Each structure stands twice: as C-alpha cells, then as structure tokens.
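Trainee: Here you go, one structure.
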C-alpha cells in the first residue's frame, strides 16, 4: 500500500513540474470502471504519451474521461493532469480543437 501512495505522490509532483514529463514514453489509457460514463471506451496502448494525450483530449467525450486515467512509466494521471500535460508548451504534437469543440469545464459526475 505504501508503494501506491508513493506512486501517486510522484505522479502529482511530476504533473506539477511538467518540464520532467517524457512525452515520448509509451502510455496506456484505462477507461473508467463504471459502465455509466465509459460508453464504448476500452483500454488502449499508445507508442507515445503525446499520442495518448491527444486521443484522450481531442477524441473522447467528457463523460468517458470521468474516472479514466493515463499510465506512463508506472505513474497514473487523471483527466485534469492529462489536460495540463496536453496544454503544456512542451507538448510536441500539433493541437486541434477537441471533439465537439467542447470546453474543459467541470466533468460530469
């Protein structure tokens, strides 16, 4: 259990200090466990974290992101952290308008 708390703290620190995030690391996107919000979203692997962030922010509907997380180098990032990483100046891919031109306001839930 101590390792879980340590990993969460490392993820939070890394998300706060975005300069250390490796957008080229492989990543896994895990859907919400609840059927109500996840729709047809399934687990996916990506060759880079940048591609995973692009998919999560630009392609997924907001309800599907409630409870979903991205895992990169054994660290987990929730939607707010994914959003921060996507919006960071270090994000290496070209951004496009999110699906449905949605705003990032509060997630449903």
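The values are calculated or read from the model by the stated rules, or taken from the named source; none is laboratory data. These figures come from a predicted structure and were not determined experimentally.
Trainee: Is it the case that some residue within segment 86-99 is modelled with pLDDT of 90 or more, in a helix (DSSP H, G or I) and under 9 Å from the mean Cα position of the chain (by Cα)?
Mentor: yes
Trainee: Mind checking whether some residue in segment 35-50 is in a helix (DSSP H, G or I) and modelled with pLDDT of 90 or more? Even if it seems obvious, please write down each step before you answer.
Mentor: Going through segment 35-50, the residues in a helix (DSSP H, G or I) turn out to be 35-38, 49-50.
Then keep just the ones that are modelled with pLDDT of 90 or more; that gives 49-50.
The answer is yes; a qualifying residue exists.
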